[in-house]
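A short worksheet on the structure shown next.
Please treat every number below as a calculation from the coordinates, not as lab data. Worth saying up front: this structure is predicted, and the values here are computed from it rather than measured. We place every Cβ from the backbone using ideal geometry, glycine too, and count neighbours over all the protein chains shown.
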Amino acid sequence: SFHVTGVQTCDLPIWMLNMYIKATTIWIMVRLTSSSNVGGADLICQEAERLTAGEDQEMLRIHMFSSPACDYASNTLVNLIPVLKDERFWNNSRLNMDLIGHGNMQRGFESREGPAEVTYGVHLLCAQGDLPFGKGTKEEYFNYLDYLNCVSSRPEHNLLPLDSCAESAGMENKISSCTFNNAQMAWSNLEASYKRTNNRDISLSPTLEI
C-alpha cells in the first residue's frame with residue numbers, strides 16, 4: 001500500500017494536485033483491469049484484497065481520511081469521483097471515507113471546520129453505509145458518489161448543501177432513515193470513524209491510502 005498525504009501535497013498548486021490524483025488513480029486501475037496476473041501486493045492493501053464486490057479478487061480500495069468540508073479534500077473528491085464512475089473501473093474499486101476529528105458520544109464531537117462539518121460527517125457516513133465493502137448495487141454506489149461530488153462542488157466554501165445534494169443524488173431516504181430513525185447508530189458511526197483515523201495518527205486532510 002502507499003499513501004498520498006497533505007505532507008506531500010500542501011505546497012502544490014491545486015491544479016497540479018488534481019492532475020496527480022487523477023493520473024495515479026487511472027494508472028492503478030488500468031493495471032488492475034488489464035492483466036489477469038497482477039500480483040497486487042505492491043498496490044493493494046490487505047484490507048482491500050479481501051473485498052469481494054462482484055466476486056472480483058482484485059478489488060482496489062481507496063481509503064480517504066479527511067476533514068470532508070476542507071477545500072483540499074473537496075477538490076480531491078471532485079477530481080477522483082469521475083474516475084471511480086468510469087464504466088471500465090467502477091466494479092474493481094471502492095472508495096472508503098473515514099473522517100478527521102475528535103470526541104465521542106459522551107463528550108461531544110469536534111471537527112476542524114466546525115459544527116457544520118461534524119453534521120456533514122454524520123450524513124456522509126450514513127450515505128456510505130457498507131458500500132465500501134462491496135455491498136449495494138451499481139446505482140446505489142453511484143448515487144453515493146454523486147452525493148459526495150455535489151457537496152464537494154458547493155459554490156461557497158462555508159455552505160454545505162446537504163439536503164439539496166441528498167435529494168438530487170437520490171440519497172434522502174437512506175440518510176434520513178439513519179440520522180432520524182437510528183440517530184444513536186449514526187453518531188456511533190462517527191465516533192468509530194474518528195477513532196480509526198486517530199489510531200493511525202492521521203491529521204492531514206486529505207490522506208489517501210491505496
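Annotations
- Cα centroid separation, segment 96-132 to segment 160-182: 15 Å.
- On the basis of the beta-carbon distance and an R0 of 25 Å, residue 168 and residue 137 show a calculated FRET efficiency of 0.85.
- All distinct Cα pairs of segment 69-197 go into the 1/r average, and the inverse of that average, the Kirkwood radius, is 14.9 Å.
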